[in-house]
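K.L.:
I have a structure I would like to understand better, so I am pasting it below and will then ask my questions one at a time.
Read-outs: derived from the displayed coordinates by stated rules, not from any lab. Treat the numbers as computed from the prediction; the structure is a model and nothing was measured. With ideal geometry, Cβ positions are generated from the backbone for all residues, glycine too; neighbour counts draw on all protein chains shown.
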Amino acid sequence: MSGDVVNLRMARKRRDRTAREAEAERNRFEHGRSKAERTLARARNEKADRELDASRREPDTSAPEPDKGTS
């Protein structure tokens, strides 16, 4: 029963390195957008906000309010 000799320090460093690489990959996916992509997304969001505000209905202030029946 002879197994391979494993240097625990090197194995621990290898494990930590792969964990850091996996975390870096996740961060690149979540936060790694180019400036052009961020600018485009910001412009699209602002346009959607403007369109939403433009289609918002204002309450009609010229018509009298109905009586609530407080008698």
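K.L.:
Can you work out the Karplus-derived ³J(HN,Hα) for every residue in the range 23-34? Use 6.51 cos²θ - 1.76 cosθ + 1.60 with θ = phi - 60°, whole Hz, and x for glycine or proline.
P.N.:
With the stated coefficients, the range 23-34 comes to 5, 5, 5, 4, 5, 4, 5, 6, 10, x, 9, 6 Hz.
K.L.:
With springs connecting C-alpha atoms under 10 Å apart, model the chain as a Gaussian network and identify which of R26, R12, R38 has the largest mean-square fluctuation.
P.N.:
R12
K.L.:
Pulled fully out, how much extra length does the chain show between V5 and A43, if you take 0.36 nm times their separation in residues and subtract their Cα-Cα distance?
P.N.:
Going from the current span to full extension adds 7.9 nm.
K.L.:
Oh, and also: Under a GNM of the chain (C-alpha, springs under 10 Å), which listed residue has the highest mean-square fluctuation: R50, R28, R14?
P.N.:
Highest fluctuation among the options: R14.
K.L.:
Right, here's the next one. Quick one: in the range 9-53, what % of C-alpha pairs are over 17 Å apart?
P.N.:
The calculated P(r) of the range 9-53 puts 58 percent of pairs beyond 17 Å.
K.L.:
Using a basic spin-label model with each label point 7 Å from the Cα along Cα→Cβ, how many nm lie between F29 and R14?
P.N.:
Computed distance between label sites F29 and R14 equals 2.5 nm.
K.L.:
How large is the charge dipole for the chain, taken about the Cα centre, if only the Cβ atoms of Lys, Arg (+1) and Asp, Glu (-1) carry charge, to the nearest 20 debye?
P.N.:
The dipole magnitude comes to about 960 debye.
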